[in-house]
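Peer 1: One structure, as structure tokens, below. Some questions next.
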Amino acid sequence: MSDDSDDLIFLRDHLIWLQKELFDEYEPNKYESFDDCLAKWLSNVDDEDARMRMFKLLGHMFFVGKKQSDALSRSAFSDQTTRWLVDTLNLDITDPKLKQTIDQAVRQTWFCPITDSLRINGFLKVNGLHGHSHRPDWRSLEQFGDAARVRNYVVQESIERLVLLEDFVGTGSQMSSTVRWASQTLPNVEILVIPLICCPEGVATGERLAQQLNNVTFSATLSLRHELFIQENPQQNEPNAFSEIRDVIQRVQGRLGVWQGAPYGYGGTGALVALYSNCPDNTLPLVHSQTDTWNPLFSRIRRS
């Protein structure tokens, strides 16, 4: 048996395990098993070679399940938020009353999502936080909110700090305008921006925001490495599966609907990421696009 056959058998067995542990909890595919979605996805192409290239690509998929998402939420609070509070308040970590001081600071901190993709109620629950009575997503506030009313609420609730959370940040373009608006709306409030998962370009965008806005700190819980992304142009030392899939992408991009002009995803990110709740638009449309002529592996719920 060839090494390639051994690799394919290992990948098949690995996917069977992942289906049981993770893939079947993918919410947009709630009424279809991963097996069925995989069969339809591979059937999008007629020749065996293209199917094999698509199948091999699955060995590089990064899937974040509910348990993993909860773990990232706990880390965002216990690590990023706590360290930020210690630094912002200049606390002495040897102080025996440190925990009480941090608990009080947390009560004066407003935890909100950047967009409605981040389930703020779930974040508060897994961290045992009560939060404030209103926890709006700031993208909507930016569009429809009244800055003066937001400032009044902050005063009434004795809020001294704001933590803005997002489940996934790709290029950071959507996050950028909202964070700027928050900074301008609350210029005297310290703001911590935490993506649970962030692509390299999103990290660069977040760091630029923190440099430009005096009251903003950026800290991603999980920053994905550059080598996990498929670029339109070949990269040095990239996996063979990446090199092999480009031809397939070129052949099928006319069948990807709104993504036919952006076959490497929003901003050309080329991600291979799916969250249990949805598939980011930064992921290859080959994976998530759904049209009359293309069946997705992880169908994406779009905003429009």
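The values are calculated or read from the model by the stated rules, or taken from the named source; none is laboratory data. It should be emphasised that the depicted structure is a prediction, and the values quoted were computed from it without experimental measurement. As a convention, Cβ positions derive from the backbone with ideal geometry for all residues, glycine included, and neighbour counts pool all protein chains shown.
Peer 1: Looking only at region 56-74, which residues are closer than 16 Å to Ser219 by Cβ and in contact with a strand residue (DSSP E or B) (Cβ under 8 Å, 6 or more places away or on another chain)?
Peer 2: Within region 56-74, Leu72, Ser73 qualify.
Peer 1: Going by the conditions given, is Glu142 outside the structural domain of Ile9 (by TED's automatic domain parsing), of a type outside the set (Lys, Arg) and assigned to a strand (DSSP E or B)?
Peer 2: no
Peer 1: Identify, by number, the condition in (1) assigned by TED's automatic domain parsing to the domain that holds Asp281; (2) in a helix (DSSP H, G or I) that Pro234 doesn't meet.
Peer 2: Exception for Pro234: condition (2).
Peer 1: Of everything in region 174-186, what is in a helix (DSSP H, G or I) and either among the β-branched types (Val, Ile, Thr) or at pLDDT 95 or above (or both)? Give them in sequence order.
Peer 2: Met175, Ser176, Ser177, Thr178, Val179, Arg180, Trp181, Ala182, Ser183, Gln184, Thr185
Peer 1: Might you let me know whether region 245-258 holds any residue that is surrounded by 13 or more Cβ atoms within 10 Å (Cβ to Cβ) and either assigned by TED's automatic domain parsing to the domain that holds Asp70 or among the acidic types (Asp, Glu) (or both)?
Peer 2: no
Peer 1: Something else: Against the conditions (1) more than 23 Å from the chain's Cα centre (by Cα); (2) under 18 Å from Cys279 (Cα atoms); (3) without any contact (Cβ under 8 Å) to a residue 12 or more places away in the chain, where does Asp24 fall short? Just the number, please.
Peer 2: All conditions pass for Asp24, except number (1).
Peer 1: I want to confirm something. Restricting to region 199-220 and keeping residues that are touching a Leu at 6+ places or on another chain (Cβ under 7 Å) and buried (at least 22 other Cβ atoms within 10 Å of the Cβ), which single residue is farthest from Phe63 (Cα to Cα)?
Peer 2: Restricting to residues being touching a Leu at 6+ places or on another chain (Cβ under 7 Å) and buried (at least 22 other Cβ atoms within 10 Å of the Cβ), the top hit is Phe218.
Peer 1: Also, quick follow-up: Any chance region 161-168 includes a residue that's out of contact with any helix residue (DSSP H, G or I) (no Cβ under 8 Å at 6 or more places or on another chain), closer than 26 Å to Gly65 by Cα and at pLDDT 95 or above?
Peer 2: yes
Peer 1: Turning to a different aspect of this structure: Based on this model, can you work out whether Trp84 counts as more than 22 Å from Ser223 (Cβ to Cβ) and either among the aliphatic types (A, V, I, L, M) or outside the structural domain of Thr269 (by TED's automatic domain parsing) (or both)?
Peer 2: Here the answer is no, as Trp84 does not meet what is asked.
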